[in-house]
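Q: Structure provided below as structure tokens; questions to follow.
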Amino acid sequence: MPQISNVGRSWPLGATVVDGGVNFSLFSRSAAGVELLLFETEDGPPSRVITLEPAANRTYHYWHSFVPGIRPGQIYAYRVAGPIDPARGLRFDPAKTLLDPYGRAVVMPGNYDREAATQEGDNATTAMKSVVVDPSAYDWEGDLPLDLPSARTIIYEMHVRGFTQHPNSGVPANKRGTYAGLIEKIPYLQELGVTAVELLPVFQFDPQDAPAGRINYWGYAPIASFAPHAAFSSRQDPLGPVNEFRDMVKALHRAGIEVILDVVFNHTAEGNEHGPTLSYRGIDNRSYYILENGGEKYANYSGCGNTLNANHPVVRRMILDSLRYWVEHMHVDGFRFDLASILARDSAGHPLPNPPVLWDIESDPALAGTKLLAEAWDAAGLYQVGSFVGDAWKEWNGRFRDDVRDFFRGQPGSVRHMADRLVGSPSIYGHEEREAEQSVNFITCHDGFTLNDLVSYNEKHNEANGEQNRDGANDNRSWNCGVEGPSDDPAIEALRTRQVKNFLTITLMSLGLPMIMMGDEVRRTQHGNNNAYCQDNELSWLDWSLVEQHPGLLRFVKLLIERRLLRNLEHEHRRTSLNTLLRDAKKAWHGVKLNQPDWRDNSHSIAVNAELRSERMQFHAILNAYWEPLAFELPPLERGSWRRWIDTALESPDDIVPWSQAPAVEGETYRVDSRSVVFLIGDAS
């Protein structure tokens, strides 16, 4: 952008470095006056206050100014004056220091005080502030988003801080819990074999948005959708978090690992009408939020106090601009949209058949090829798994999670659902004639039990959260294998490990796009806490001693992933639908007797045989969730014999072997132990 006059320009929004200085632009439809604040330190008063005059510095609803002589790294914020009429949704507070919604970096003073932003008076010294960033001032060394095929994508959901914060992580103390710390552990991710990390929220969030005496650990309290969370950086200079985040992305890409961000465009950290004024509320409350009761109350479809008005033109633009920024300037490979169904609601909260913002995201040419994953529900009952809008969105398949859990805990009536989930959930997605990878298959995620706890607890144990165990889901579909919590009984421990292997095998071998959670590969525990959002401590951090404690399970997962990554890509290149893929697979369902699957409600086992034509092989998968061993008849082979690749009932290293070393199986039947999974392979005819 060429040098411009001191009144500035309305576009681009945010702080833009230009010849000779910085252009600032802010949208506010109802503001009567705007002040631009410049700071020398993050915890001091403004060193300069620039008043934006309506006659000169406002074009349409954009307030703008050019400030000569300032550079990247400059700390800034706004104060916005306007009508104070909460009954009509007007909540201006001219004393409050406000973040720029388009700010590309944020500083948080050591004395940051969320409470001060809810009270009367000036809070400049205790408020978060934005930072001027020049997005072009970084050497990417030729890096680009990886664009890996979905058929060979394996997602590892993880928390940046929790991955390396534990004292036994082996990461230097000054890098633990940071983007730089994650770089130190990339070799572990490479050895595991995952191809994408899905990072819990890294947009700047408010850590004080939590119950008294606790901290918001997960990060689902966003307040700046263009800025990486500053506390996740080992560099605490104003520009440090931006460059350290990019260092992390570049290093992961060099290792062949994509970066997917868990993004929160459904609510902000400003809470309900009693919450703090940090940014959007004090800039243009009626545009940014869905309001009720004439504007007095905030709609709460998120369960977090407010709901972004995502289909308002200004908010739509902000969301699109944010996504483009993270792709074009931060090189991320994809996004998982938290409570994505909220983005399908209009300004009155009603679901739209063709939500503009969702089609904007999908059809944007700058985002073509970017992985888009939807958590296709919200906290107010809108559930769109299998019916989420669009042609490219992939969906977290919550029914996969629930049905597979039900099957392996022996729930009656679960066999038909289990069979459907195993082959890509055609009963859910078949009508759309989409690819198999439309279904994101997972058993656990940050929200709920870890995989270890799923097989160790029947009930949640969230007392540490300070809400008398009222928080967190009650419907966990878990089974503790006979003892609640830790057990020193070898039989109980062996059964739990077997169940963990069952879940991981089905997740990684089913048709769809698999996702596993940080630490599940080594039985990480949260001691029964299924809502650890406010636990920034060893309850949530990955305990790296588990790697040495569970080498057999870790080996099991590595070999599963190794085989998964050999999956044929022909169907993706040809855009073959799930329905067509299943028709061509020559699949057949069986029970203990060939061609006699037992679909009754009291059945707890199923087998499936299918052909891998591209590899001239076939497999026979047997799932036995019954509490006793069962002998299953095996389909005859025209040549050779069946070979055992996986039997989760066996001890390591026999529970899984390299594909080429699978031992031959003798006889016409195979005895499948109770609560176990077997995969046999053979030559195709």
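The values are calculated or read from the model by the stated rules, or taken from the named source; none is laboratory data. These figures come from a predicted structure and were not determined experimentally. Cβ: placed from backbone, ideal geometry, glycine included. Neighbour counts: every protein chain shown. Note: accessible area is taken over every heavy atom of the protein model, side chains too, but ligands, DNA and RNA are not part of it. Shrake-Rupley method; radii C 1.70, N 1.55, O 1.52, S 1.80 Å.
Residue-by-condition table, conditions (1) surrounded by 17 or more Cβ atoms within 10 Å (Cβ to Cβ); (2) at pLDDT below 95; (3) in contact with a Lys or Arg (Cβ under 7 Å, 6 or more places away or on another chain):
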{"residue": "577", "(1), (2), (3)": "yes, yes, yes"}
{"residue": "582", "(1), (2), (3)": "yes, yes, no"}
{"residue": "607", "(1), (2), (3)": "yes, no, no"}
{"residue": "612", "(1), (2), (3)": "no, yes, no"}
{"residue": "622", "(1), (2), (3)": "yes, no, no"}
{"residue": "631", "(1), (2), (3)": "no, no, yes"}
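Q: Identify, please: which residue in the range 633-645 is modelled with pLDDT of 95 or more and farther than 15 Å from residue 664 by Cβ and is, among those, most open to solvent (accessible area, probe 1.4 Å)?
A: That would be 633.
Q: Considering only residues that are of a type in the set (D, E, K, R), within 18 Å of residue 629 (Cα to Cα) and free of Cβ contacts under 8 Å to residues at least 40 places away in the same chain, which ones fall in the range 640-653?
A: If the condition is that a residue be of a type in the set (D, E, K, R), within 18 Å of residue 629 (Cα to Cα) and free of Cβ contacts under 8 Å to residues at least 40 places away in the same chain, then 644, 647 are the ones that fit.
Q: Name every residue in the range 629-642 that is closer than 30 Å to residue 602 by Cα and touching a strand residue (DSSP E or B) at 6+ places or on another chain (Cβ under 8 Å), in order of residue number.
A: 629, 630, 631, 632, 633, 634, 635, 642
Q: Here's something else I'd like to know. Can residue 55 be described as aliphatic (A, V, I, L, M) and either in contact (Cβ under 8 Å) with a residue 60 or more places away in the chain or open to solvent by less than 50 Å² (accessible area, probe 1.4 Å) (or both)?
A: no
Q: Hey, any hits in the range 661-682 for a residue that's open to solvent by 40 Å² or more (accessible area, probe 1.4 Å), within 27 Å of residue 571 (Cβ to Cβ) and in contact with a Phe, Trp or Tyr (Cβ under 9 Å, 6 or more places away or on another chain)?
A: no
Q: Also, I was wondering about something else. Scan the range 60-71 residue by residue and report those that are open to solvent by 50 Å² or more (accessible area, probe 1.4 Å) and more than 15 Å from residue 314 (Cα to Cα).
A: 68, 69, 71
Q: Now, a different point. Can you say whether residue 545 is of a type in the set (Gly, Ala, Ser), surrounded by fewer than 16 Cβ atoms within 10 Å (Cβ to Cβ) and either touching a residue at least 12 places away in the same chain (Cβ under 8 Å) or more than 30 Å from residue 472 (Cβ to Cβ) (or both), as far as the supplied structure shows?
A: Values: of a type in the set (Gly, Ala, Ser): yes; surrounded by fewer than 16 Cβ atoms within 10 Å (Cβ to Cβ): yes; either touching a residue at least 12 places away in the same chain (Cβ under 8 Å) or more than 30 Å from residue 472 (Cβ to Cβ) (or both): yes.
Judged against the criteria, residue 545 is a match.
Q: Where the second residue is in a helix (DSSP H, G or I) and among the hydroxyl-bearing types (Ser, Thr, Tyr) and the first is touching a residue at least 24 places away in the same chain (Cβ under 8 Å) and lies in the range 188-207, which pairs have Cβ atoms under 9 Å and are six or more apart or on separate chains?
A: 202/179; 203/322
Q: Out of the range 332-366, which residues are closer than 21 Å to residue 147 by Cα, surrounded by fewer than 21 Cβ atoms within 10 Å (Cβ to Cβ) and touching a Leu at 6+ places or on another chain (Cβ under 9 Å)?
A: 360, 362, 364, 366, listed by residue number.
Q: Report, by residue number, each residue of the range 521-530 that is assigned to a helix (DSSP H, G or I) and either more than 30 Å from residue 571 (Cα to Cα) or at pLDDT below 95 (or both).
A: Of everything in the range 521-530, just one residue is assigned to a helix (DSSP H, G or I) and either more than 30 Å from residue 571 (Cα to Cα) or at pLDDT below 95 (or both), namely 522.
Q: Shifting gears a bit: Sort out which residues of the range 480-520 are within 18 Å of the chain's Cα centre (by Cα) and farther than 21 Å from residue 435 by Cα, and write them in order of number.
A: Within the range 480-520, 517, 518, 519, 520 meet the criteria.
Q: Give the residues of the range 491-518 that are closer than 29 Å to residue 160 by Cβ and not in a helix (DSSP H, G or I), sorted by residue number.
A: 510, 512, 513, 514, 515, 516, 517, 518
Q: I want to confirm something. Restricting to the range 137-161 and keeping residues that are over 23 Å from residue 513 (Cα atoms) and in contact (Cβ under 8 Å) with a residue 40 or more places away in the chain, which single residue is surrounded by the most Cβ atoms within 10 Å (Cβ to Cβ)?
A: The qualifying residue surrounded by the most Cβ atoms within 10 Å (Cβ to Cβ) is 161.
Q: List the helices (runs of 4 or more DSSP H) that sit entirely inside the range 369-463 and contain at least 2 residues that are out of contact with any Lys or Arg (no Cβ under 8 Å at 6 or more places or on another chain) and modelled with pLDDT of 95 or more. Before the answer, list the steps.
A: Working: elements: 398-408, 415-422, 426-429, 451-454.
Answer list for the range 369-463: 398-408, 415-422, 426-429.
Residue-wise test of (1) part of a loop (DSSP other than H, G, I, E, B); (2) surrounded by fewer than 19 Cβ atoms within 10 Å (Cβ to Cβ).
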position: 163; (1), (2): no, no
position: 181; (1), (2): no, no
position: 211; (1), (2): yes, yes
position: 218; (1), (2): yes, no
position: 245; (1), (2): no, no
position: 252; (1), (2): no, no
position: 261; (1), (2): no, no
position: 267; (1), (2): yes, no
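Q: I need every pair where a residue in the range 430-459 that is free of Cβ contacts under 8 Å to residues at least 24 places away in the same chain has its Cβ under 9 Å from the Cβ of a residue that is in a loop (DSSP other than H, G, I, E, B) and crowded, with 24+ Cβ neighbours inside 10 Å, sequence separation at least 6 or different chains.
A: Listed pairs, sorted by first residue: none to list.
Q: Here is a further query. Within the set of pairs 6+ apart or on separate chains, which have a first residue in the range 549-564 that is within 16 Å of residue 494 (Cα to Cα) and in contact (Cβ under 8 Å) with a residue 12 or more places away in the chain, a second that is open to solvent by 10 Å² or more (accessible area, probe 1.4 Å) and among the hydrophobic types (A, V, I, L, M, F, W, C), and C-beta atoms under 8 Å apart?
A: The qualifying pairs are 554/547.
Q: Oh, and also: Filter the range 634-685 down to residues that are closer than 19 Å to residue 497 by Cα and either under 35 Å from the mean Cα position of the chain (by Cα) or among the acidic types (Asp, Glu) (or both), then give me how many there are.
A: Here the count works out to 20.
Q: Mind counting the residues in the range 165-179 that are surrounded by 17 or more Cβ atoms within 10 Å (Cβ to Cβ), assigned to a loop (DSSP other than H, G, I, E, B) and in contact (Cβ under 8 Å) with a residue 40 or more places away in the chain?
A: Step one: filter the range 165-179 for residues surrounded by 17 or more Cβ atoms within 10 Å (Cβ to Cβ), giving 165-166, 169, 171, 175-179.
Within this subset, residues satisfying the condition of being assigned to a loop (DSSP other than H, G, I, E, B) are 165-166, 171, 176-178.
Filter once more, so that each one left must be in contact (Cβ under 8 Å) with a residue 40 or more places away in the chain: 165-166, 177-178.
Final tally of qualifying residues: 4.
Q: So is residue 217 aromatic (Phe, Trp, Tyr), at pLDDT 95 or above, closer than 28 Å to residue 100 by Cβ and touching a Ser or Thr at 6+ places or on another chain (Cβ under 9 Å) or not?
A: Taking the combined requirement at face value, the residue satisfies it.
Q: Here is a further query. Based on what the data block shows, is residue 626 open to solvent by 60 Å² or more (accessible area, probe 1.4 Å) and in contact with a strand residue (DSSP E or B) (Cβ under 8 Å, 6 or more places away or on another chain)?
A: When the stated conditions are applied, residue 626 passes them.
Q: Quick check on residue 325: is it buried (at least 22 other Cβ atoms within 10 Å of the Cβ), among the aromatic types (Phe, Trp, Tyr), at pLDDT 95 or above and over 19 Å from residue 379 (Cβ atoms)? Lay out the reasoning, then the answer.
A: On the way: buried (at least 22 other Cβ atoms within 10 Å of the Cβ): no; among the aromatic types (Phe, Trp, Tyr): yes; at pLDDT 95 or above: yes; over 19 Å from residue 379 (Cβ atoms): yes.
Taking the combined requirement at face value, the residue does not satisfy it.
Q: Cβ-Cβ under 6 Å, sequence separation 6+ or interchain: first residue in the range 374-388 and over 19 Å from residue 426 (Cα atoms), partner of a type in the set (Val, Ile, Thr). Which pairs?
A: 378/342
Q: If you take the residues of the range 646-660 that are among the small types (Gly, Ala, Ser) and touching a helix residue (DSSP H, G or I) at 6+ places or on another chain (Cβ under 7 Å), which of them is surrounded by the most Cβ atoms within 10 Å (Cβ to Cβ)?
A: Looking at residues that are among the small types (Gly, Ala, Ser) and touching a helix residue (DSSP H, G or I) at 6+ places or on another chain (Cβ under 7 Å), I get 649.
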